[in-house]
Amino acid sequence: MAGTVLYYFSATGNSWYVAQQIAEQIPGCVVKPMASAEVCEECQAVVFVMPVYAGGLPLLARRFLEEFAF
């Protein structure tokens, strides 16, 4: 079983930076971009980092989250 996976979406790099900072605090955490990652179905924990715009979540992030069976 996989440990913690942190998925991020970042258009400007700000969310990527935050994702890196969070991952440093979680032992064995793997950081993956939402744009090119597959959904991990055997992970113990999943973390999401993304901006929230005035209109809601970015389309790519929303579609990625819809793939998870919460």
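The values are calculated or read from the model by the stated rules, or taken from the named source; none is laboratory data. None of the values given here were measured: they were computed from a predicted structure. Neighbour counts are summed over all protein chains in view; Cβ atoms, including those assigned to glycine, are modelled from backbone coordinates with ideal geometry. What goes into the accessible areas is simple: the full protein's heavy atoms, side chains included, and nothing from ligands, DNA or RNA. Shrake-Rupley method; radii C 1.70, N 1.55, O 1.52, S 1.80 Å.
When we screen L59, L65 for residues that are open to solvent by less than 70 Å² (accessible area, probe 1.4 Å) and on the phi < 0 side of the Ramachandran plot, the only hit is L65.
Within the set V49, V18, V5, the sole residue that is touching a Lys or Arg at 6+ places or on another chain (Cβ under 7 Å) and either under 18 Å from A69 (Cα atoms) or surrounded by 14 or more Cβ atoms within 10 Å (Cβ to Cβ) (or both) turns out to be V5.
Just to be sure before I move on: is A35 over 22 Å from A69 (Cβ atoms), open to solvent by 40 Å² or more (accessible area, probe 1.4 Å) and either in contact with a Pro (Cβ under 8 Å, 6 or more places away or on another chain) or assigned to a loop (DSSP other than H, G, I, E, B) (or both) in the structure I sent? Considered against the rule, which asks whether it is over 22 Å from A69 (Cβ atoms), open to solvent by 40 Å² or more (accessible area, probe 1.4 Å) and either in contact with a Pro (Cβ under 8 Å, 6 or more places away or on another chain) or assigned to a loop (DSSP other than H, G, I, E, B) (or both), A35 comes out as no. Taking region 1-32 as the range and being among the hydrophobic types (A, V, I, L, M, F, W, C) and either within 9 Å of the chain's Cα centre (by Cα) or not in a helix (DSSP H, G or I) (or both) as the test, the residues that pass are M1, A2, V5, L6, F9, A11, A19, I26, C29, V30, V31.
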